[in-house]
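Participant: So that we are looking at the same thing, I have put the structure below in structure tokens.
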Amino acid sequence: MENLLKHITEILLLAFLIITFLQSGFDKILDWKGNVNWLKEHFSKTFLANMVVKNVAIILVTEMIAGILSVIGIYQLIVNDDKTVGLYGAILSCIVLLMLLFGQRIAKDYDGARTIAIYFVPAVFAVFLLSA
């Protein structure tokens, strides 16, 4: 219980990343075709148009790994007072968000890019706290 309270901010931020990335990953798994079709249209006028399936797969795997590392990170914080795995989860979350931001900017979806920037703030804050 002591480590739970000692690391409550980090745990809450990792929980945010878990919800964000595992939900997104499961959504892609459960509605692969719908996601790919929507994204093919979204990127149809960009140089990414022919890479949608590959890029969605990369994003899916990266999101799932970030979410799983964040779950393990919470466990490690509470049980072992160790920030390492949580830090890796937060860093990978930031990398995923940068990939998504890049795509939204290429697609000229500035509202989508702005939304990703909102998610980036707590992810970077998690990196900051977990690296201290």
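Read-outs throughout are calculated quantities, based only on the coordinates presented, and are distinct from any laboratory measurement. For clarity, every value in this text was computed on a predicted model and none was experimentally measured. Here the Cβ is made from the backbone with ideal geometry for all residues, glycine too, and neighbour counts use every protein chain on show.
Participant: Taking ALA66 as meeting all but one of (1) free of Cβ contacts under 8 Å to residues at least 60 places away in the same chain; (2) out of contact with any Gly (no Cβ under 8 Å at 6 or more places or on another chain), write down the number of the exception.
Facilitator: Every listed condition holds for ALA66 apart from (2).
Participant: Quick check, is PHE47 loosely packed, with under 14 Cβ neighbours inside 10 Å and either in contact with a strand residue (DSSP E or B) (Cβ under 6 Å, 6 or more places away or on another chain) or touching a residue at least 40 places away in the same chain (Cβ under 8 Å) (or both)?
Facilitator: yes
Participant: Let me ask something additional. I'm trying to understand the selection: among the residues of region 86-120, which are assigned to a helix (DSSP H, G or I) and in contact with a Phe, Trp or Tyr (Cβ under 8 Å, 6 or more places away or on another chain)?
Facilitator: Of everything in region 86-120, those that are assigned to a helix (DSSP H, G or I) and in contact with a Phe, Trp or Tyr (Cβ under 8 Å, 6 or more places away or on another chain) turn out to be SER93, CYS94, VAL96, LEU97, LEU98, LEU101, GLY103, GLN104, ILE106.
Participant: With respect to TYR75, is the statement that it is among the aromatic types (Phe, Trp, Tyr), within 16 Å of the chain's Cα centre (by Cα) and either assigned to a helix (DSSP H, G or I) or surrounded by 16 or more Cβ atoms within 10 Å (Cβ to Cβ) (or both) true?
Facilitator: The answer is no for TYR75.
Participant: Is it the case that LYS108 is among the charged types (D, E, K, R) and either on the phi < 0 side of the Ramachandran plot or surrounded by 13 or more Cβ atoms within 10 Å (Cβ to Cβ) (or both)?
Facilitator: No.
Participant: Are any residues in region 7-21 under 13 Å from PHE125 (Cα atoms) and either outside any helix (DSSP H, G or I) or charged (D, E, K, R) (or both), and if so, which ones?
Facilitator: If the condition is that a residue be under 13 Å from PHE125 (Cα atoms) and either outside any helix (DSSP H, G or I) or charged (D, E, K, R) (or both), then GLU10 is the only one that fits.
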